[in-house]
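Trainee: Structure below; questions to follow.
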Amino acid sequence: MIELRFHDTMAREKRVFVPANPERVTMYVCGPTVYNRAHIGNARPAVVFDVLARLLRHVYGEEKLVYARNVTDIEDKIIDAARSEGVEPAVITDRFERYYLGDMGALGVRAPTIAPHATDHIGEMIAMIGRLIDDGFAYEADGHVLFHVPADPDYGALGRRDREAMIAGARVEIASYKKDPADFVLWKPSDPQVIGWESPWGRGRPGWHIECSAMIERHLGETIDIHGGGLDLIFPHHENEIAQSRCAHRGAPLARYWLHNGFLSMAGSEKMSKSLGNVVLVGDLLGEGHKGEALRLALLSAHYRQPLDWSAQLIAQSKSTLDRLYRAAGDAAPGAIDEGVLAALADDLNTPLALSRLSALDDPATLKASANLLGLLTDSASAWFQGEGDSRIDALVAARTEAKKARDFAEADRIRAALAAEGILLEDGAGGTTWRRA
Ligand code: AMP
Ligand code: ZN
């Protein structure tokens, strides 16, 4: 069996990967908070960990990997979005989960083994919080339950930030009822008009961090093999997950390997993020006619730990690389995977090296199989080259269908109007929507 090596954020070095049980390899990646459309930066962890999942399935066996990616469907931003539309939070979360799955599907991201939802695990969260209180790691104050950071002497091992930095990072939550400024919320009260659940501490809702600890325990166990996410999640989110889980499990570590992807940035800025206002939505890129596979290749063009600067040129380059690879592979059936491509991925998921190796392969069957390991060249060459001019319109029609399913009629109407302005007419029929030029 090929040896895998991954850079472990906790150890700060590359380590040989040995799963606790090769018959059941466990991986958890923090998933989306479903209240808005994913930007291309949000897609980076989804695509990177999809490649890792493909590699693990290849090495250990298709059925041996249990990969969980959660859906955060209770959060204050969701509650705000629901209030401003005058709908239940579930309308918002159903809509944006649908969009997320559609967008990630277009990027060739396979569904994880399990996609647990926070609101389906409130009981598990309440039970875990109760244990933390009983064992002296958490306390109730003013309707809130807080994790008491000084009660955990090992707190902060992942990011190794000093205490001042951690207090500064937790500042958003500083409140008079905290025993220590670094303490963080496990449970908070809900006003009567806000969504909430009954608990021993009154009607309320969970803090963000506890959901991952509770869902990991429920679906994967006390200690998992790999925990992943973006760099920005190290503190406070992963630090807090670690503390909660370890303290609830008599010191058992939460994860044996920690992997974090670097940031995708825009024109040299630090990080693509909604708060900086420099986002490019995956749905918009697809609507402009870019192929999902070209966006995927662009996301894999840099090593996952390195920054990636997003640009129109990068997309164009990725598209022409794919044109070349599809021409080389033709409609060959996949053969054996090239050892060089596999070795590149086995060495801390070195996708740039794997991609340059792919470009040097001349046997179509080997090329096809090796690209498939990266989730590329999954179409037939004829499908890739055919109907290029119409694919942008097809993508917009599909986006409008998704919007209607998600009851986002404003978006559906916007797409119809935009197409009408170009002289494209839509006809909704029993078998779906067709289009024609006026
Ligand atoms: P969020 O919805 O902000 O919690 O982000 C969802 C996931 O996307 C998390 O794993 C983040 O770390 C990741 N993420 C957000 N912005 C970026 C970015 N600009 N580059 C790479 N990853 C990001
Ligand atoms: Zn998490």
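The values are calculated or read from the model by the stated rules, or taken from the named source; none is laboratory data. Being a predicted model, the structure only gives us computed values, none of them experimental. Reconstructed Cβ throughout: ideal geometry from the backbone, glycine too, with neighbour counts over all protein chains shown. Surface accessibility is based on the protein's heavy atoms, side chains included, excluding ligands, DNA and RNA. Shrake-Rupley method; radii C 1.70, N 1.55, O 1.52, S 1.80 Å.
Trainee: Suppose every K and R has +1 on its Cβ and every D and E has -1 on its Cβ; what is the size of the dipole of the chain about the Cα centre, in Debye to the nearest 20?
Mentor: Dipole about the Cα centre, nearest 20: 500 debye.
Trainee: Put +1 on the Cβ of each Lys and Arg and -1 on the Cβ of each Asp and Glu in the chain; which of A328, S370, A43 then has its Cα farthest toward the positive end of the dipole?
Mentor: Among A328, S370, A43, the one farthest towards the positive end of the dipole of the chain is A328.
Trainee: Relative to the present Cα-Cα distance, how much length would full extension add between L353 and E140 at 0.36 nm per residue of separation?
Mentor: Taking 0.36 nm per residue and subtracting the Cα distance, the gain is 71.5 nm.
Trainee: Same structure again: Using the heavy atoms of the protein chains and a 1.4 angstrom probe, tell me the accessible area per residue for the range 265-384 in square angstrom.
Mentor: 42
Trainee: For every other residue with a beta carbon closer than 13 angstrom to the beta carbon of H7, add +1 if it is Lys or Arg and -1 if Asp or Glu, then tell me the sum.
Mentor: +1
Trainee: To check you understand DSSP bridge types, tell me what percent of the beta bridges within the range 146-285 (both residues inside) are antiparallel, rounded to 5.
Mentor: Roughly 50 percent of the DSSP beta bridges within the range 146-285 come out antiparallel.
Trainee: I'd like to compare 212-219, 108-115: which one has the highest average count of other Cβ atoms within 10 Å, and what's the full order after that?
Mentor: 212-219, 108-115
Trainee: Now for a different question. Just how large is the dipole of the range 183-305 about the Cα centre, in debye to the nearest 20, putting +1 at every Lys and Arg Cβ and -1 at every Asp and Glu Cβ?
Mentor: 120
Trainee: Calculated from DSSP H runs of 4 or more alone, at -39500 (n - 2.57) each and per residue, what is the 222 nm mean residue ellipticity of the chain, nearest 500?
Mentor: -13000 deg cm²/dmol
Trainee: Report the net charge of residues surrounding A343, where surrounding means a beta-carbon distance below 10 angstrom and charges are Lys +1, Arg +1, Asp -1, Glu -1.
Mentor: Charge balance in the 10 Å sphere: -3.
Trainee: A follow-up question, please. Using only the alpha-carbon atoms of the range 56-141, report the extent along each of the three principal axes, biggest first, to the nearest angstrom.
Mentor: 48, 40, 15
Trainee: State the extension gain, in nm to one decimal, for the chain segment bounded by K274 and S176, taking 0.36 nm per residue of separation less the distance between their alpha-carbons.
Mentor: Going from the current span to full extension adds 32.3 nm.
Trainee: Enter the angle in degrees (range 0 to 90, nearest 10) between the Cα long axis of helix 76-85 and the first principal axis of the Cα atoms of the chain, meaning the one along which they spread out most.
Mentor: Helix 76-85 sits roughly 60 degrees off the main axis of the chain.
Trainee: Can you pull out the GluC sites (Glu not before Pro) in the range 341-434 whose DSSP state is coil and whose Cβ has at most 16 other Cβ atoms within 10 Å?
Mentor: E422
Trainee: Work out how much length D390 to K405 would gain on full extension: take 0.36 nm times their residue separation and subtract the Cα-Cα distance, in nm to one decimal.
Mentor: Residue separation times 0.36 nm, minus the Cα-Cα distance, leaves 3.1 nm.
Trainee: Still on this structure: Nearest-5 percent of antiparallel DSSP beta bridges in the range 5-261?
Mentor: 45
Trainee: Most fluctuating residue of D183, D120, D428 in a GNM of the chain with Cα springs under 10 Å: which is it?
Mentor: Comparing D183, D120, D428 in the GNM, the peak value goes to D428.
Trainee: How much area per residue is accessible in the range 389-437 when the probe is 1.4 Å and only protein heavy atoms are counted (Å²)?
Mentor: Spelled out: the 1.4 Å probe surface of the range 389-437, per residue, equals 58 Å².
Trainee: OK, next. Between A410, S356, L396, whose Cα lies farthest towards the positive end of the dipole of the range 355-410 when Lys and Arg beta carbons carry +1 and Asp and Glu beta carbons carry -1, centred on the Cα centre?
Mentor: A410
Trainee: On to the next question. Regarding the range 265-384, what is the average projected area of its C-alpha convex hull, in nm²?
Mentor: The orientation-averaged projected area of the Cα hull of the range 265-384 comes to 7.6 nm².
Trainee: Using the basic label-point model (7 angstrom from Cα toward the beta carbon), what is the R414 to A252 distance in nanometres?
Mentor: Between R414 and A252, the label points sit 4.6 nm apart.
Trainee: Once you have the Kirkwood Rh of the range 83-203 from its Cα pairs, apply Stokes-Einstein at 25 °C and 0.890 mPa s and quote D in µm²/s.
Mentor: For the chosen part, D equals 141 µm²/s.
Trainee: How large is the charge dipole for the range 226-285, taken about the Cα centre, if only the Cβ atoms of Lys, Arg (+1) and Asp, Glu (-1) carry charge, to the nearest 20 debye?
Mentor: 260
Trainee: On to the next question. Could you name the aspartates and glutamates in cross-link range of K405, using Cα to Cα under 16 Å and dropping any fewer than eight places away on the same chain?
Mentor: D94, E97, D103, D413, D428
Trainee: Shifting gears a bit: Carbon and sulfur: what percent of the chain's accessible surface (1.4 Å probe)?
Mentor: Here carbon and sulfur together make up 51 percent of the probe-accessible area.
Trainee: In degrees between 0 and 90, to the nearest 10, how far off the longest principal axis of the chain does helix 391-405 point, with axes built from Cα atoms?
Mentor: It works out to around 40 degrees.
Trainee: Output the relative contact order of the range 265-384, whole-number percent, from Cα pairs under 8 angstrom with separation of 6+ residues.
Mentor: Computed over the range 265-384, the figure is 26 percent.
Trainee: How far apart, in nanometres, would the label points at A168 and E222 be if each is projected 7 angstrom from Cα along the Cα-to-Cβ direction?
Mentor: Here the answer is 3.7 nm between the modelled labels.
Trainee: Mark the label point 7 Å from the Cα of S311 along Cα→Cβ and return the residues of the range 267-292 whose backbone N is within less than 13 Å of it.
Mentor: Residues 267-269 fall inside that zone.
Trainee: So, by mean Cβ neighbours within 10 angstrom, what's the order for 307-317, 52-62, 281-291 with the highest one leading?
Mentor: Averaged packing, sorted descending, gives the order 281-291, 52-62, 307-317.
Trainee: In addition: For Cα pairs less than 8 Å apart in space and 6+ apart in sequence, what is the mean separation divided by the residue count of the range 5-261, i.e. the relative contact order in percent?
Mentor: In percent, rounded to a whole number, it is 23.
Trainee: Let me ask another. Using all Cα-Cα distances in the range 5-261, what percent lands in each 5 angstrom bin from 0 up to the longest?
Mentor: 1, 6, 13, 17, 19, 18, 13, 8, 4, 1, 0
Trainee: Starting from the Cα coordinates of the chain, work out the convex hull volume and express it per residue in Å³.
Mentor: 156
Trainee: Additional query: Which aspartates and glutamates does K271 reach when only Cα atoms under 20 Å apart count, and residues fewer than 8 places away in its own chain are ignored?
Mentor: The reachable aspartates and glutamates, counting only those whose Cα sits under 20 Å from K271, are D232, D284, D309.
Trainee: Additional query: Tell me which of Y155, V18, A316 sits at the most positive position along the dipole axis of the chain, charges placed on C-beta atoms (Lys, Arg +1; Asp, Glu -1).
Mentor: Value: A316.
Trainee: Next up: Using a 1.4 angstrom probe, figure out how much accessible area the range 5-261 has per residue, in square angstrom, rounded to the nearest whole.
Mentor: Per residue, the range 5-261 has an accessible area of 39 Å².
Trainee: Further, regarding this structure: Kindly list the residues of the range 71-113 that lie in the label zone of Q193, defined by a backbone N under 16 Å from the point 7 Å along the Cα-to-C-beta vector.
Mentor: 79-89
Trainee: Another question about this same structure. Straight-line reach from K188: which lysines have Cα under 21 Å away, leaving out those fewer than 8 places along the same chain?
Mentor: K77, K178, K179
Trainee: Still on this structure, I have one more. Please report the relative contact order for the chain, taking Cα pairs under 8 Å with a sequence separation of at least 6, and give it as a percent rounded to a whole number.
Mentor: 17
Trainee: I've got another one for you. How far is helix 364-373 tilted, in degrees, relative to the longest principal axis of the Cα atoms in the chain, given as a value from 0 to 90 rounded to the nearest 10?
Mentor: Helix 364-373 sits roughly 20 degrees off the main axis of the chain.
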